[in-house]
Structure formats: C-alpha cells, structure tokens
1. Applying the Karplus parametrisation 6.51 cos²θ - 1.76 cosθ + 1.60 with θ = phi - 60° to the phi angles of the stretch 201-210, what ³J(HN,Hα) value in whole Hz is obtained for each residue in order, glycine and proline being reported as x?
2. Hey, which of these cross-link pairs are over 23 Å Cα-Cα: Lys54/Lys81; Lys118/Lys254; Lys130/Lys192?
3. Between Lys81 and Asn140, what is the label-point separation in nm under the 7 Å Cα-to-beta-carbon projection?
4. Given the DSSP H assignment, sum -39500 (n - 2.57) over each helix run of at least 4 residues in the chain and divide by its residue total; what's the result at 222 nm in deg cm²/dmol, nearest 500?
5. Using θ = phi - 60° and the Karplus curve 6.51 cos²θ - 1.76 cosθ + 1.60, what whole-Hz ³J(HN,Hα) does each residue of the stretch 189-194 get, with Gly and Pro shown as x?
6. I need Tyr78, Tyr92 ordered by Cβ neighbour count within 10 Å, fewest first.
7. Please express the Cα-Cα pair-distance distribution P(r) of the chain as a list of whole percents, one per 5 Å bin, running from 0 to the bin with the greatest distance.
8. Explain nothing, just the number: dipole magnitude of the chain about its Cα centre with +1 on each Lys and Arg Cβ and -1 on each Asp and Glu Cβ, in debye rounded to the nearest 20.
Amino acid sequence: MDMIEIEDGFWNIRGSFKVGGVVEIGTQASLVRLSDGDFVMLDTCLLSPEMISKINLLTEGGKRIKAILNLHPFHTVYVKKMHECFPDAALYGTSRHLSKLPELPWEPLCTEDPELHKLFDEDFRFSVPKGVDFVSANENVHFSSVLVFHLSSKTIHVDDTLVFSELPEVMGLVGYRNVLSFHPTLLMALQKRQEAAEEFETWARGLADQWCEAENLVAAHTAPLIGKESTGPSIQTRIMNALNSVKWMLAGHKLRVKSRAAFFRKK
C-alpha cells in the first residue's frame with residue numbers, strides 16, 4: 001500500500017485487490033483537500049493501520065474528512081471498512097451502492113446525481129459517461145463510473161472508464177512508454193440504440209475539451225499518470241487518442257443496431 005502526493009492537496013492511495021483472492025489487480029482511493037481546508041475521500045480501499053495513521057495526521061484524526069464519495073457502482077467491497085474508519089464522514093454512493101448495502105447510513109443523493117455535483121462545485125467537476133449503461137445488467141461489465149476533476153490540483157480521478165497502462169520498456173524504443181485507453185468492456189456497455197455510439201463520442205470529446213487543463217490522472221488498477229513526470233502528450237490529447245482508437249468499434253455498433261432495427265421492421 002502506498003500514498004502518492006500527486007500535487008498539493010491531492011493524495012492517491014494505491015491499495016490491494018485480488019481477483020478470486022489470487023490475482024492482484026490493485027485498486028485506489030484519493031484523499032483530497034478542499035478549498036475550505038476540509039477533506040473528501042474519493043472511493044474506498046482497504047487501509048492498513050499505517051495508512052490510517054498517515055491519513056489521520058493530515059486530517060486531525062479523521063475529523064476533517066467531511067465526505068466519502070463512492071464513484072464506481074461495482075466497487076463495493078471496501079465501502080463498509082472505510083466507513084468504519086471515518087464514521088463521521090457523510091457517506092455517498094451510486095444507486096447500486098445504496099441497493100447493495102442498505103444497512104449503511106447513506107446520504108440521499110447519489111454520486112451520479114447532478115444535485116450532488118453542485119454541492120462540491122467549488123472544488124470538483126464531475127462527469128458521467130453518456131451512451132453507455134451506468135449500471136450494466138452484466139455484472140462483469142465495469143465500464144461506467146463517475147469521473148471527478150479536482151480543479152486546484154488539475155487531477156482526474158477515474159475508475160475503470162479510462163485505463164492508464166505502463167508498457168514494456170522495449171516500447172520506449174518506438175516512442176511508446178504508456179497509453180491511456182477506454183476500458184475494454186466499452187462495446188458491451190454501449191446501449192442498444194442507434195444514437196448511443198454518437199452520444200458516447202460526443203461525451204468523450206466534451207470531456208477532453210472541458211477538462212483540457214488536466215495535468216494528472218489517477219486510475220484504478222494501474223499506476224497514476226503524473227504530469228510533471230510524464231514526457232508524453234497532454235491528457236487532453238491522450239483522451240482524444242483513446243477515442244480515435246475505438247472509432248471502428250463505435251462505427252460497427254451503429255451498423256449492428258441499424259441492421260437489427262431494419263430486420264425487425266421487415267418481420
């Protein structure tokens with residue numbers, strides 16, 4: 001477990017998560033200082049006693065952590081443990097969190113709700129992907145999450161929707177050391193409507209444009225992308241590159257949905 005200070009006021013906690021209790025894929029949470037001096041925890045992971053001590057030193061024993069925001073509907077394993085560490089923090093989750101863990105003292109607003117986003121608009125911007133299922137009926141499809149942009153540190157916190165991958169050193173010989181991409185379950189997450197692919201593309205372009213000042217990005221299961229340590233393109237360019245790399249997928253989705261609609265019209 002590690003705590004990385006991405007920028008002043010933003011700490012990314014790299015936690016452990018093992019699929020089937022065997023395969024380590026990692027997970028994350030982020031501790032963020034607000035403009036008023038209080039703190040918010042973005043997402044949850046299992047905290048070691050040493051990590052709790054570090055957080056307590058920054059937050060006056062946890063008293064200044066005002067809220068825990070759970071942002072990925074399928075990241076639920078450590079929610080209860082994090083709440084037990086900081087029971088006085090207001091607990092927010094997606095609609096799936098509330099239905100899966102009804103015994104916890106959830107705030108009424110969900111993290112995908114625009115009304116919640118307004119509560120924190122002095123410090124954060126939020127974005128929910130369009131054209132895809134936010135909570136997929138297929139529990140193996142973990143594409144969608146609530147993305148958060150912390151304004152003062154210029155850092156994006158994202159779970160699964162965007163994946164930052166460190167590539168083998170040999171790739172550095174051809175100019176590629178890491179890559180930002182959309183989660184591989186995108187095709188399964190796209191809604192079965194003709195407009196869905198276009199809505200997703202419009203959302204992704206808007207994300208790159210509206211959050212063009214982003215310099216850092218922390219993603220679940222992978223290493224953080226820290227601007228001052230990166231020699232690659234800007235995050236805005238990386239998001240557009242990620243979009244361009246799935247254009248064929250979006251085009252194919254449009255054709256399949258159109259063909260399916262035509263087939264059923266003929267029947």
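Every number in this text was worked out from the coordinates using simple rules, so none of it is lab data. It should be emphasised that the depicted structure is a prediction, and the values quoted were computed from it without experimental measurement. Here Cβ is always computed from backbone atoms with ideal geometry, including for glycine, and neighbour counts include all displayed protein chains.
1. 4, 4, 4, 5, 5, x, 4, 4, 6, 6
2. On the way: Lys54/Lys81 17 Å; Lys118/Lys254 34 Å; Lys130/Lys192 13 Å.
Check vs 23 Å cut-off fails for Lys118/Lys254.
3. For the pair Asn140/Lys81, the computed spacing is 2.6 nm.
4. On the way: 8 runs with 79 residues, N = 267.
Taken over the chain, the calculation gives -8500 deg cm²/dmol.
5. Couplings: 7, 4, 6, 7, 10, 4 Hz.
6. On the way: Tyr78 19, Tyr92 24.
Going from least to most buried by this count: Tyr78, Tyr92.
7. Pairs per bin, as whole percents: 1, 6, 12, 17, 19, 17, 13, 8, 4, 2, 1, 0, 0, 0.
8. Values: 29 positive and 34 negative charges, 320 e Å.
Roughly 1540 debye for the chain.
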